[in-house]
2 protein chains.
Amino acid sequence: MTQFFSEAASAEAVNARIGENADERVREVMSALVRHLHAFAKEVQLTQPEWETAIDFLTTAGQLCSAERQEFILLSDTLGFSMLVDAINNRRPAAATENTVFGPFHVAGAPEREMGACITADGKGERCLFEGRVLDLEGRPVEGARIDVWSDNADGYYDVQQPGVQPRWNNRGIFTTGADGAYRFVGIKPVSYPIPHDGPVGKMLATLGRHPYRPAHMHFLITAPGFQKVVTHTFVGDDPYLQSDAVFGVKASLVAPYERAADSDTPWRSTFDFVLMPLAPPA
Amino acid sequence: MTQFFSEAASAEAVNARIGENADERVREVMSALVRHLHAFAKEVQLTQPEWETAIDFLTTAGQLCSAERQEFILLSDTLGFSMLVDAINNRRPAAATENTVFGPFHVAGAPEREMGACITADGKGERCLFEGRVLDLEGRPVEGARIDVWSDNADGYYDVQQPGVQPRWNNRGIFTTGADGAYRFVGIKPVSYPIPHDGPVGKMLATLGRHPYRPAHMHFLITAPGFQKVVTHTFVGDDPYLQSDAVFGVKASLVAPYERAADSDTPWRSTFDFVLMPLAPPA
């Protein structure tokens with residue numbers, strides 16, 4: 001059937017072209033994408049100069065991408081799209097620890113450390129004791145949970161952003177729980193920092209009247225046999241950017257206590273329990 | 001007001017961040033974009049691997065862009081988005097000539113040629129006489145209309161795609177109408193050709209079971225003092241890809257007669273009148 005393009009049936013004309021043998025999921029995703037993109041352009045009556053701005057934005061973003069910089073993930077993050085995809089794919093009962101964005105600064109293969117060890121190697125920042133337990137939904141300790149942690153340093157940079165300046169694996173480490181499910185390590189009280197904002201995403205944020213800062217947080221990637229992976233942070237509750245995280249990562253349940261401790265070497269303490277979902281959800 | 005991210009109110013959380021002093025049009029466009037993107041992800045329940053595929057697609061597309069290649073325009077074209085934006089911004093009464101996509105192969109500064117001249121310099125292809133008139137909505141001839149024309153050669157490539165192979169300005173020229181509004185030039189009967197499809201857009205088309213071909217067409221960019229610009233093509237009606245233009249550029253009103261002529265040197269003739277809208281639309 002002939003179906004020339006028309007403004008009124010624009011998305012239908014495009015989607016009618018999808019071949020009979022196309023994968024059904026590809027058809028579903030791409031036809032929905034076309035419908036929503038066309039509905040967007042129609043709703044705002046997108047102008048030709050605005051279209052050109054979008055093409056330039058995407059092109060500049062692509063040209064900036066490298067092994068150290070992923071501008072499209074920043075775009076997805078700052079539009080709340082990364083958090084949405086994470087939410088869709090990680091719905092959990094209220095008792096379980098919530099996910100948040102993975103972020104671009106995780107590095108696989110961090111050192112396995114003794115329980116209680118210090119992950120900070122550059123001597124900067126205020127030391128903080130992180131402690132708590134990894135539990136199942138019934139409150140039983142999870143043995144053999146691997147807790148992969150990482151944070152920025154006191155200057156607001158991850159080690160990978162400052163190779164040669166920070167010691168390798170600064171503020172990173174992996175800890176494995178014993179029979180009591182407990183974890184304990186020393187790091188620094190993390191500090192807030194701006195996401196890379198010298199590219200098109202930074203310009204977009206400025207145009208929207210938004211700042212590029214993330215509230216201070218410690219990253220946790222927790223895996224355990226028989227349990228679903230948790231990718232999350234704990235946030236420092238008094239951070240000025242807690243209400244306005246540039247990537248929308250904050251959830252109320254992830255705001256952790258960061259309290260003054262009596263220890264002068266380690267003047268902060270943050271206690272937080274993680275509750276894991278079983279791999280096969282209970283019926 | 002605190003508005004942490006939630007799956008249910010994801011777009012609202014993002015749009016609540018737009019600053020008070022942001023430009024109103026920026027707010028309108030970006031908040032609609034966020035709403036539609038989030039609605040898309042929710043409708044299809046986008047998975048994490050699909051999100052990763054999208055990030056890779058955009059990154060690869062961006063890295064491929066150069067002075068000679070614009071993969072994001074190809075993406076916009078093949079999703080019918082370019083045609084939609086053109087349609088939104090160029091609504092005209094039925095009597096006026098319709099627009100279609102500009103395409104990436106126009107080059108400013110083509111040679112001004114004598115009316116009736118030949119634009120084909122490589123000796124390839126079947127010669128075709130293009131002729132007709134430029135008229136206003138009342139059918140009166142438009143004097144001083146500049147008609148900028150360009151097409152591929154008989155091998156399916158524009159001159160700029162084959163520098164050093166095709167003569168410069170092959171199948172390009174600019175003609176200016178006299179008091180009778182008439183135009184007349186010799187080119188070739190254009191041939192269908194694939195858009196560049198060795199990149200991510202080509203892969204996307206293959207995944208969707210779509211071919212990358214455009215039906216044969218001659219490009220026209222017509223400007224005249226006091227009239228709105230027309231960016232259009234005339235299409236060869238017997239082209240096998242007429243019903244399935246990879247960029248959705250075909251409109252029924254733009255399918256032109258390409259008829260056999262008695263002249264053995266110029267065995268084809270295509271007659272087409274262009275009707276221009278005045279700059280200030282009639283009340």
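No value in this document is a laboratory result; all are computed from the given coordinates. These numbers were taken from a predicted model, which means no experiment stands behind them. Glycine gets a Cβ as well: all are built from the backbone with ideal geometry, and neighbour counts include every protein chain shown.
Quick rundown of the values:
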| quantity | calculated |
| --- | --- |
| Residue A:243-residue B:95 FRET efficiency (beta carbon distance; Förster radius 51 Å; 0.05 resolution) | 0.35 |
| 7 Å along Cα→Cβ, label-point gaps from residue A:122 to other copies, nm, shortest first | 5.7 |
| Förster-model FRET efficiency, 51 Å R0, residue A:260 and residue B:60, C-beta, rounded to 0.05 | 0.55 |
| Pair residue A:48, residue B:223: separation of 7 Å Cα→Cβ label points (nm) | 1.0 nm |
| Calculated FRET efficiency for the pair residue A:23/residue A:105, C-beta based, R₀ 60 Å, to 0.05 | 0.95 |
| Average beta-carbon neighbours from other chains, 10 Å sphere, peptide A:4-14 | 6 |
| Ellipticity estimate at 222 nm from DSSP helix runs (n ≥ 4, -39,500 (n - 2.57)) divided over chain B, nearest 500 | -7500 deg cm²/dmol |
| Rg and Dmax [Cα atoms of the range B:1-156; Å; Rg one decimal, Dmax integer] | 23.4, 71 |
| Sparsely packed trypsin sites (Lys or Arg not before Pro) within the range B:72-178, loop by DSSP, other Cβ within 10 Å at most 16 | B:91, B:124, B:168 |
| A from B by rotation - nearest chain B beta carbon to the axis, in Å | B:62, 0 |
| Residue order, fewest to most surrounding Cβ atoms within 10 angstrom, among A:73, B:55 | B:55, A:73 |
| Inter-chain shielding of B:236-246 (mean C-beta neighbours from other protein chains, 10 Å cut-off) | 1 |
| Fewest-first ranking of A:151, B:76, A:6, using other Cβ atoms within 10 Å as the exposure measure | A:6, B:76, A:151 |
| Whole-percent pair-distance distribution, where bins are 5 Å wide, for the alpha carbons of the range B:191-264 | 3, 15, 19, 18, 15, 14, 9, 4, 3, 0 |
| Alpha carbon Rg of chain B, scaled by the compact-globule rule 2.2 N^0.38 Å | 1.19 |
| Copy-to-copy label separations for residue A:253, where each label sits 7 Å from Cα toward Cβ, in nm and ascending | 5.7 |
| Other copies of residue B:138: label-to-label distances in nm, shortest first, labels 7 Å along the beta-carbon direction | 9.0 |
| Total formal charge among the other residues, if their Cβ is under 11 angstrom from that of residue A:110, Lys/Arg +1 and Asp/Glu -1 | +1 |
| Per residue convex hull volume, Cα atoms of the range A:6-56, in Å³ | 87 Å³ |
| Residue order, fewest to most surrounding Cβ atoms within 10 angstrom, among A:234, A:207 | A:207, A:234 |
| Net charge of Cβ neighbours under 10 Å - reference residue A:35; Lys, Arg +1; Asp, Glu -1 | -2 |
| Count of Lys pairs (Cα-Cα under 27 Å; at least 8 positions apart or interchain) in chain B | 6 |
| For the range A:39-125: rounded, prolate or oblate by the Cα gyration tensor [a/c cutoff 1.5] | oblate |
| Cα principal axis extents for the protein assembly as shown, largest first, Å | 99, 48, 45 |
